[in-house]
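Okay, so here's the structure we're looking at.
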Amino acid sequence: MTDQPHDPELVPLRDKTLAAITAATDSDTLEQIRVSCLGKKGSLTGRLKELGKLPAEARPAAGAAINEVKDALEEALAARGESLKQAELALRLTGEPFDITPPGRGFPAGAPHPVADVMEELIDIFTSLGFAVEEGPEVETDRYNFQMLNFPDDHPARDMQDTFYVQDGRRLLRTHTSPVQVHAMLKRKPPLAVIAPGRVYRCDSDVTHSPVFHQVEGFLVDRRVTMGHLKATLELFVQRLYGRQTKIRLRPSFFPFTEPSAEVDVSCVLCGAKGCRVCKQTGWLEILGAGMIDPNVLTACEIDPEVWGGFAFGLGVERIAMLKYGIDDIRLLYENDPRFLGQFA
């Protein structure tokens, strides 16, 4: 204890409190002792607040004495608290009856997440058509995500409101799985047919969009590839996915890495193409974008566009899952509500 404390009651306060701590028989009593001494309105806390009233030369010694008492009390409280905790636990274990004969609690059966389930189904369909599966990095450079896919420097997709940039803008979270197309064509020589399933990221969030979602990019490079090959492939795909009665149509569109490009619609699987709220009474639902690979992309990937041609397509897995299961809000897929996910068990 610091010699000659400014407060003659400090030592008796310490000794009295230590004795009370030792005599405490339960955790509630111990907590009351702590509050009465070290709480906001505690006796020792009050002495710390009064230090400012002392002469400047007396404050260091007085503060040291009070802190020494505080440390001693906190140490005693911690030791006694642990001792009481162990004693209370031992009492519960010996005093409370415990029946070991009842059966254990069962757990509900799990099931694949609807997005994972649809992803596996898409992969199975395309691999059965001869497509190989490729994966690529989720953190990309502008070169692979935009430049080599024929995106001009002023394309809106490069803006911060659409793309998550990292490391001072030198790298980004891929906005589509199309960069895998570039990696695959640089790594392998044609002919080749590849699908690239995976997560993608965009600054977008509402009932039909999520900042993190899944895509399946597919492409084929070979000699004498035509738009007819693309349509036949997609037609076979949607019929295996939704049934042989499903029809498709291609509408002219624009994508930087395909020319010509098309939006691909399927006859509404919910109303049988008769017209409903989901398809806005048109009988058609848009599910993917596609087109013939732009010669600039082939050239950037060191493939001669005079010899080789190809097509590419991309679809959102969540979009397919929402249509398949009649889900009207994409956020339901990521809230992990067991009541919702239990429907797919």
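Just so you know, all these numbers are worked out from the coordinates, no wet-lab data involved. Not measured: the values here are computed from a predicted model. Note that each Cβ is placed from the backbone with ideal geometry, even for glycine, and that neighbours are counted across all protein chains shown.
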Prolate/oblate/rounded call for segment 1-118, Cα gyration tensor, a/c under 1.5 rounded: oblate
Selection from Gly275, Gly310, Leu77 lying farthest towards where the dipole of the chain points positive, charges on Cβ: Gly275
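Inverting the mean 1/r over all pairs of different Cα atoms, compute the Kirkwood radius of the chain and quote it in Å.
About 26.3 Å for the chain.
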Share antiparallel - DSSP beta bridges, the chain, percent rounded to 5: 95 percent
For Ala196, net neighbour charge (Lys/Arg +1, Asp/Glu -1) across residues whose Cβ lies under 9 Å away: -3
Over segment 259-345, relative contact order from alpha-carbon pairs under 8 Å, at least 6 apart, %: 23 percent
Sparse-neighbour loop sites [trypsin sites (Lys or Arg not before Pro); segment 24-120; at most 10 other C-beta within 10 Å; DSSP]: Lys40, Lys41, Arg105
Gain on full stretching of the segment that runs from Glu120 to Glu74 - 0.36 nm per residue minus C-alpha separation: 10.7 nm
Unpartnered cysteines - no second Cys beta carbon under 4.7 Å - across the chain: Cys37, Cys203, Cys301
Relative contact order computed over segment 10-95 (Cα-Cα under 8 Å; 6+ residues apart), in percent: 36 percent
Environment charge of Lys40, counting only residues whose C-beta is closer than 12 Å and scoring Lys/Arg +1, Asp/Glu -1: +3
Computed [θ] at 222 nm, helices only, for the chain once each DSSP H run of length n ≥ 4 contributes -39500 (n - 2.57): -12000 deg cm²/dmol
Segment 184-333 - charge dipole about Cα centre, Lys and Arg +1 at Cβ, Asp and Glu -1, debye rounded to 20: 560 debye
Within the chain, longest stretch free of exposed GluC sites (Glu not before Pro) [DSSP loop, at most 12 other beta carbons within 10 Å]: 136-301
Spatially proximal lysines relative to Lys41 (Cα-Cα < 22 Å; intrachain offsets below 8 disregarded): Lys16, Lys49, Lys53, Lys70
FRET E, pair Asp222, Arg339, Förster distance 35 Å, beta-carbon r, rounded to 0.05: 0.15
Residues in segment 233-261 reached by a label modelled at Val133 [backbone nitrogen below 19 Å; 7 Å Cα→Cβ]: 237-238, 240-241
